[in-house]
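Contents: one structure, followed by commentary.
Derivation of every value follows stated rules applied to the coordinates shown; laboratory data play no part. All values reported here derive from a predicted model rather than from experimental measurement.
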């Protein structure tokens, strides 16, 4: 399985549009968290991403509004403004046996620390990994095109992630972003580009 080391905007435009169509679980109350993190903790690889309400004024800061966790069976959407920063999430981030894979993770982790201290283990940032392997284009759109042969929409990126409930397009966008991270790493492992 050989993957092109680069992809053009035109090539991405011609790919089929994809969004995650599996099970999505929105976690916005503390009672559902424990069961969800029990399920998540059984996974060897978890895709991770987060969303924040955009800032339009200089000096403004918004806390993370949504944390997405993708497993083989579902994508879990955690709303920390309603649940706090769950202990199960700290345990997951610190668990060296579970690979957490995302794109541009350093900013996510910095923002998560505004809620709670933790020492992350077994984290893979696909941007860093792919750049180190000589891929010329990184980022969610480019890597989805290269490894999954699909185009993902970024139209919800700057929407209001603090609104409640989230719109259906927001839920799909958020779930897709975490799910593709897990799928890209799986493709890299299948092809021998990455070994655990």
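Annotations
- Contact order relative to length of the chain, as percent, for alpha carbon pairs under 8 angstrom and 6 or more apart: 31 percent
- Helix-only [θ]222 nm of the chain, DSSP H runs n ≥ 4, -39500 (n - 2.57) each, per residue, nearest 500: -10000 deg cm²/dmol
- With Cα atoms, 0 to 90° folded angle of helix 30-40 axis to the chain main axis: 30 degrees
- Cα-based Rg of the stretch 75-142 normalised by 2.2 N^0.38 Å, two decimals: 1.23
- Alpha-carbon gyration tensor eigenvalues x 5, square-rooted, for the chain, Å: 26, 20, 16
- Rg over Rh [alpha-carbon atoms, Kirkwood Rh] for the stretch 3-46: 1.23
- Convex hull of Cα atoms in the stretch 7-94, direction-averaged projection (nm²): 8.5 nm²
- Rg to Rh, two decimals, where the stretch 85-196 supplies the alpha carbon set and Rh follows Kirkwood: 0.97
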